[in-house]
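Written out below as structure tokens is the structure these notes cover.
Where a number appears in this text, it was derived from the coordinates with a stated rule and is not lab data. The shown structure was predicted, so the numbers you read here are calculated from the model rather than taken from an experiment. With ideal geometry, Cβ positions are generated from the backbone for all residues, glycine too; neighbour counts draw on all protein chains shown.
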């Protein structure tokens, strides 16, 4: 973290946002569209002197002062008027840090360290570019606009990607709700099933093979042919567990109730297991 000028905090979030190339000059842009004036004059002999000379100009002071009054509620207008009145005299001197400290200006930033130098809000930076050359200003505006267009495209992709993730989650949750077995009703538990296969079907799918066929007359095969990998794993576990229950002489109603509870628990675990999701692909 750094403190500059009027005490404005420069954090890691302010570090380089982008770079653009304007007539062979690589120009740094920070967030909130602050453009490096230092980079703009780096390839010009005595370029830093040009920034100081530009800032001492009465027209420049008037321009950036009006900008501050429009966009900076904390701007010290009386101090600005005093500086403007002094401009033009031989004794007049003004640096970026002096301007910031005296007027609490936000349009200019004097930054030290990495990516250090003088930065200006794009409105002011474009005005400064006129001092370099009209050609430089026009190319700076062109490259800056291209950067903004690229950012908008990227933002659009980010929004689409996030929406896709959300839709995938909604879709996954909807599938999960359909796959997790429902708790059996008392009538289903007490019903005498013709086969052990149907006991497992009801415990996992909440219906017998015949009920599934009646509900899916347009499909070939049986209910287990349409089971996903998680259901097949769970079904294999239920078969082993059911065999154990039979050997323990547990009644059919008790077995189907227990198997249904196990199926619900296992399907919840399997559907949240990342390794099982890989097997589905």
Modelled label-to-label distance, residue 247 and residue 211, 7 Å Cα→beta-carbon offset: nm? 3.0
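Want the number for residue 272 to residue 24: 0.36 nm per residue separation, take away the alpha-carbon distance, what's left? Provide the component values of the computation, followed by the final result.
On the way: separation 248, 0.36 × 248 = 89.28 nm, distance 5.36 nm.
Once the chain is fully extended between residue 272 and residue 24, it gains 83.9 nm.
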With the cut-off at 1.5 for a/c, could you classify segment 2-143 from its C-alpha gyration tensor as rounded, prolate or oblate? oblate
Please label the shape of segment 9-92 as rounded, prolate or oblate, based on the square roots a ≥ b ≥ c of the eigenvalues of the alpha-carbon gyration tensor (a/c under 1.5 means rounded; beyond that, a/b larger than b/c means prolate, else oblate). oblate
If I model a spin label at residue 142 and residue 53 as a point 7 Å from the Cα along the Cα→Cβ vector, what separation in nanometres do I get? 2.6
Test of understanding: what is the full-extension gain from residue 130 to residue 197, defined as 0.36 nm times their sequence separation minus their Cα-Cα distance? 15.7 nm
